[in-house]
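Report on the structure given below.
The values are calculated or read from the model by the stated rules, or taken from the named source; none is laboratory data. Every value quoted in this text rests on a predicted model; they were computed, and no experiment measured them. Glycine also receives a Cβ, built like all others from the backbone with ideal geometry; neighbour counts cover every protein chain displayed. Each accessible area value is taken on the protein alone, full model and side chains, heavy atoms only, with ligands, DNA and RNA left out. Shrake-Rupley method; radii C 1.70, N 1.55, O 1.52, S 1.80 Å.
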Amino acid sequence: MKHILITGANFKNKGAQSMLFTLADAIRKMDSECRISFTSAESCDMSEYTFDHVFYSRRSRKIVLRKHPVFYMLEAACADTAKCILRKKEVLWHAADLRKLMPTVDLMIDVSGFALGDKWSVKIQERFLDSIRIAKKYQIPIIFMPQSFGPFDYEPDKSFLLQEIKGLLPYADLIYAREKEGYQCLKEQFGLNNVRLSTDLVLQSEKIDTINIYRTQPSVSVPRIVPDSVGLVPNKKCFTYGSESDILDRYRLIIDELLLSGKHVCIFRHSAEDGEVCSRIYEPYADNPQVRLLTEDFSCLEYDELVKQFQFMVCSRYHSIVHAYRNAVPCVILGWAVKYQELAQLMRQEQYVFNIADTKSDTEACRRMVQNMLQDYEGESVIIKQRVSEVQKDNCFACLKNYL
């Protein structure tokens with residue numbers, strides 16, 4: 001029985017959860033007996049799932065990568081005792097699970113989404129590169145499913161990462177770059193010949209068979225949305241790339257425009273960290289019956305059902321857009337990275353992307369974008385449906401047949 005280890009996923013971010021579910025479903029459809037594990041640093045109750053979880057922290061990676069980890073583990077145990085006295089939760093025994101697991105793994109597959117490039121901290125990028133270090137140590141093939149890469153214009157204090165990337169990425173069997181910019185960066189800066197260009201794996205997939213994910217069939221229950229509604233999904237990360245007050249003003253400008261057109265607006269999160277942002281956007285409209293705040297923590301499968309009820313979406317989370325497109329629901333996109341622009345171009349929707357990080361952005365341009373969508377969301381839905389059909393004719397999962 002083959003054992004596949006999936007890295008880069010988690011349950012907190014529904015985009016990461018969606019990639020995990022999509023990949024697990026694709027693997028099970030090829031090999032129903034295959035053992036699947038995934039790594040994350042969160043505590044997970046896996047009793048209802050058909051795959052396993054292994055604790056994946058900086059500590060667990062150190063234990064795996066060190067030649068003689070026993071002294072490190074003793075040092076960590078002392079630190080844990082001190083933290084326990086201070087009532088800080090630590091789980092040293094879980095940190096050793098990864099080391100026990102690795103000799104049983106036949107293939108590693110990474111679904112990080114975006115973790116390698118000059119916009120990320122050294123800590124995040126080293127975590128990404130550690131997956132290759134671990135695969136290399138145990139001589140396990142590793143594949144990187146479609147995700148964003150670069151740019152790699154590091155400040156001097158981070159420039160050492162260039163050599164690490166150049167030394168480690170060639171080990172991968174396959175690296176799927178999600179955008180042309182990332183593909184070119186990897187090819188030109190590092191001379192890699194194991195890179196392929198591929199659209200997002202969730203967009204490429206069709207309906208997930210839940211029997212491949214859950215031990216018993218889940219009850220997918222979502223709130224009923226009133227007709228003539230537009231969904232709004234913000235992203236806390238937007239505030240990193242633009243003025244907080246300006247960004248909040250953009251969201252509220254859009255809501256005001258939608259209300260003037262007689263629409264209902266439903267604000268909800270696609271990632272756990274966005275709950276506070278949703279509340280702040282909703283606050284001025286708390287007494288308006290046309291605006292609704294959903295506080296539920298929807299799974300990616302529930303989000304997929306929820307999004308079908310909207311005429312269109314206003315989104316800042318990448319995979320919230322992917323799920324909308326996969327259901328032929330148009331989106332007004334407030335983003336900052338090239339991944340948003342390329343995704344929209346793929347669906348012939350580039351006219352609905354607004355760069356939220358642009359300090360010179362035109363408020364009226366944002367308003368016109370919403371007005372245009374209000375006038376033609378039905379026609380845009382037809383275009384998106386056709387484009388998704390084209391994208392799904394080929395997919396990145398075919399490469400897995402060589403390993404299963």
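Rounded to whole Hz and in sequence order, give me ³J(HN,Hα) for the stretch 274-287 from the Karplus expression 6.51 cos²θ - 1.76 cosθ + 1.60, θ = phi - 60°, writing x for Gly and Pro.
Working through the residues one at a time gives 8, x, 5, 5, 4, 5, 5, 5, 6, 3, x, 10, 4, 9 Hz.
Express the accessible area of the stretch 167-256 per residue in Å², computed with a 1.4 Å probe while the remaining protein chains stay in the model.
46 Å²
Between exposed GluC sites (Glu not before Pro) in the chain, where DSSP calls loop and at most 14 other Cβ atoms lie within 10 Å, what's the longest gap?
Within the chain, the longest run free of exposed GluC sites (Glu not before Pro) spans 49-205.
Return a whole-number percent for the relative contact order of the chain, with Cα pairs under 8 Å and 6 or more residues apart as the contact set.
After rounding, I find 16 percent.
Can you work out the accessible area per residue across the stretch 277-404, with the rest of the protein chains kept in place, probe 1.4 Å, in square angstrom?
Here the residues of the stretch 277-404 average 44 Å² of exposed surface.
Name the residues whose placed amide hydrogens come within less than 5 Å of the amide hydrogen of ILE267, ignoring near sequence neighbours (fewer than 5 apart) on the same chain.
Correct list: LEU232, ARG292, LEU293, LEU294.
Among the listed pairs LYS14/LYS123; LYS237/LYS401; LYS12/LYS119; LYS236/LYS263; LYS29/LYS119, give every one whose C-alpha distance is greater than 30 Å.
Correct reply: LYS237/LYS401; LYS29/LYS119.
Taking the simple approach of a point 7 Å from Cα along Cα-to-Cβ for both GLN375 and ALA357, what is their distance in nm?
For the pair GLN375/ALA357, the computed spacing is 3.1 nm.
Counting only residues 5 or more places away or on other chains, whose amide H sits under 5 Å from the amide H of PHE312 once H atoms are built in the peptide plane?
GLY231
So what are the ³J(HN,Hα) numbers for the stretch 94-99, from phi and the Karplus equation (6.51, -1.76, 1.60; θ = phi - 60°), rounded to whole Hz, Gly and Pro as x?
5, 4, 8, 4, 4, 5
In whole Hz, with x marking every Gly and Pro, tabulate ³J(HN,Hα) for the stretch 247-262 from phi via Karplus 6.51 cos²θ - 1.76 cosθ + 1.60, θ = phi - 60°.
My calculation for the stretch 247-262 gives 5, 4, 5, 5, 4, 6, 4, 5, 4, 4, 5, 5, 5, 4, 8, x Hz in order.
Where does the chain land at 222 nm, in deg cm²/dmol rounded to the nearest 500, when only DSSP H runs of n ≥ 4 count, each adding -39500 (n - 2.57), divided by all residues?
-13000 deg cm²/dmol
Consider a paramagnetic label point 7 Å from the Cα of LEU260 along Cα→Cβ; state which residues of the stretch 365-382 have an amide N under 19 Å from it.
Under 19 Å, as judged by backbone N against the label point of LEU260, lie 365-377 of the stretch 365-382.
Could you pull the Rg and Dmax for the chain, using just the Cα atoms, both in Å?
Reported Rg and Dmax, both Å: 21.9, 66.
So for the stretch 344-404, Kirkwood radius off the Cα pairs, Stokes-Einstein at 10 °C and 1.306 mPa s: how many µm² s⁻¹?
Once the numbers are plugged in, D ends up at 112 µm²/s.
Along the positive direction of the dipole of the stretch 147-263 (beta-carbon charges: Lys, Arg +1; Asp, Glu -1; about the Cα centre), which of ASN212, SER245, TYR176 reaches farthest?
Positive-most Cα among the choices belongs to ASN212.
Out of residues 5 or more away from ILE6 or on other chains, whose amide H comes under 5 Å of its own, with H placed 1.01 Å from N in the peptide plane?
Amide H neighbours of ILE6: SER37, PHE38, THR39, ILE109.
Over the chain, with every protein chain in place, what whole percent of the accessible area is carbon and sulfur at 1.4 Å, could you tell me?
Answer for the chain is 48 percent, counting heavy atoms of protein chains only.
Roughly how many whole Å is it from the C-alpha centroid of the stretch 1-72 to that of the stretch 343-357?
33 Å
Between exposed trypsin sites (Lys or Arg not before Pro) in the chain, where DSSP calls loop and at most 10 other Cβ atoms lie within 10 Å, what's the longest gap?
Result for the longest clean stretch: 225-359.
On average over all directions, what projected area in square nanometres does the stretch 100-213 have, based on the convex hull of its Cα atoms?
Answer in nm², one decimal: 8.2.
Using only C-alpha atoms and all pairs of different ones, pull out the Kirkwood radius for the stretch 291-404 in Å with one decimal.
About 15.4 Å, per the Kirkwood formula over Cα pairs.
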